1. To check my understanding: the extent here is largest minus smallest coordinate of the Cα atoms along each principal axis. What are those three numbers for segment 305-390, in Å, largest first?
2. Where does the chain land at 222 nm, in deg cm²/dmol rounded to the nearest 500, when only DSSP H runs of n ≥ 4 count, each adding -39500 (n - 2.57), divided by all residues?
3. For a quick check: sort Y84, Y147 by the number of other beta carbons within 10 angstrom, fewest at the front.
4. Could you work out the local net charge near V128, counting Lys and Arg as +1, Asp and Glu as -1, over the other residues with Cβ closer than 14 Å to its Cβ?
5. Quick one: net charge around R408, please, counting Lys, Arg +1 and Asp, Glu -1 for every other residue with C-beta under 11 Å from its C-beta.
6. Place a +1 charge on the Cβ of each Lys and Arg in the chain and a -1 charge on the Cβ of each Asp and Glu, then give the dipole magnitude about the Cα centre in debye, rounded to the nearest 20.
7. Provide the descending list of Cα extents for segment 34-182 along its principal axes, expressed in whole angstroms.
8. Cβ under 14 Å from D192's Cβ, D192 left aside: what net charge do those residues give with Lys, Arg +1 and Asp, Glu -1?
Amino acid sequence: MVDAYTRGVVAEEQMSALAMAIFLRGMDRDEIAGWTRAMIASGERMDFSQLVRSGARSATSDKHSTGGVGDKITLPLAPLVAVYGVAVPQLSGRGLGHTGGTLDKLESIPGWRAALTNAEMMDQLRDVGAVICAAGSGLAPADKKLYALRDVTGTVESIPLIASSIMSKKIAEGTQSLVLDVKVGSGAFMKDLASAHELARTMVDLGTDAGVTTTALLTDMSTPLGLAVGNAVEVQESVDVLAGGGPADVVELTVALAAEMLAASGIPDADPAEALRDGRAMDVWRAMISAQGGDPGAPLPQARESETVTAEADGVLTELDAYKVGLASWRLGAGRARREDPVQAGAGILLHAKPGDAVRAGQPLLTLRTDTPERFARAREALEGAAVVLPSAPEDRPARGVVLETVR
Ligand code: URA
């Protein structure tokens, strides 16, 4: 079925009926494994083993996030892991909807290019260790077709279909180990811990069965990661993390994912926080950006217009909803409505408080940025009810870190 669909023999109508049946009835473990194998077989498989065999790199490791708001972790993470001699081939995508895209963020760096040939990618992995680039069209073409169909038939949010879609691309990419960042909360596909756990379990089993050392971290996406949501503003925040600073939650998640990738690569005693503090990760970042034509020292684009959203009362900020902030950032121009639309490099949102912080009435909570001020009104509409300020923090909600659970 997958092969015939990829070749155009099975029509869109027939595949959409099957996708809806899978969406409603689910699949068992063998069915998911068979479906994923067929998706992998629809295209090419990449092979980075020569980098390890030649001794240029000690291992290959990759990270995949199921997508969130303010999720810029790939940017500091890839160079950080490469510090330790591991090759990190990070094939990334563009944003669609309220979640941002890694390539859109990096394209705000003057000169940087996302499209590399396989040979360029291999050279950069050998010489620098880290690559973040666009996936070529050869990997799992069945998924490309099927994902577009799912998008218009309301069948995206199905655990077997999401798991096989992500894992077919990751297995075809040929990495030795993979760490999955499965997001949980309003800004994620999976809104609750139980379904995020099931998605993580399904993907870890698929990876492990295919010979890829796979682990998953379930991480909080009820509120945006860090203090910046958008494109250039997220690059700036990533550079702050690489300079040894940056918001605590972004540093926590970057270090936790790096530690998993390094442990899976046979380097369990590495201290990735140290490589952020002492500048080694920044050195790899600069080399990685330069190798793809970017100028790591160039000033980043700034939006022409900004407006602030202020707190309505004194108290404690108890919620700042990830989905609503992501939607507002998208409407400000950081994301696109159609695949072919351009994004604004400077658009996005800066956060001035995080859940748990005390706030005063009239204090700025968010700065909205765009080049096109007519977008402010719809962004403000999206933000209605996003920030909840209560007189005091509820006692039944203890402070928690970003990493909620690990699935192996
Ligand atoms: N990301 C993917 O690549 N596929 C899905 O189905 C969902 C998220």
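1. Each principal axis gives a Cα extent; for segment 305-390 these are 43, 22, 18 Å.
2. Values: 16 runs with 167 residues, N = 408.
Rounded to the nearest 500, the figure is -12000 deg cm²/dmol.
3. The fewest-first ordering by Cβ neighbours comes to Y147, Y84.
4. On the way: positive: R57, R126, R280, R286; negative: E120, D123, D127, D283.
Cβ neighbours under 14 Å give a net charge of 0.
5. Numbers: positive: R201; negative: D205, E260, E405.
Spelling it out: positives minus negatives among the neighbours equals -2.
6. Working: 39 positive and 53 negative charges, 142 e Å.
That gives the chain a dipole magnitude of about 680 debye.
7. 46, 35, 25
8. -2
Every number here is computed from the coordinates shown, using simple stated rules; none is lab data. As the structure is a computational prediction, the values presented were derived from the model and not from experiment. For neighbour counting, all protein chains shown are included, and Cβ atoms are generated from backbone atoms with ideal geometry for every residue, glycine included.
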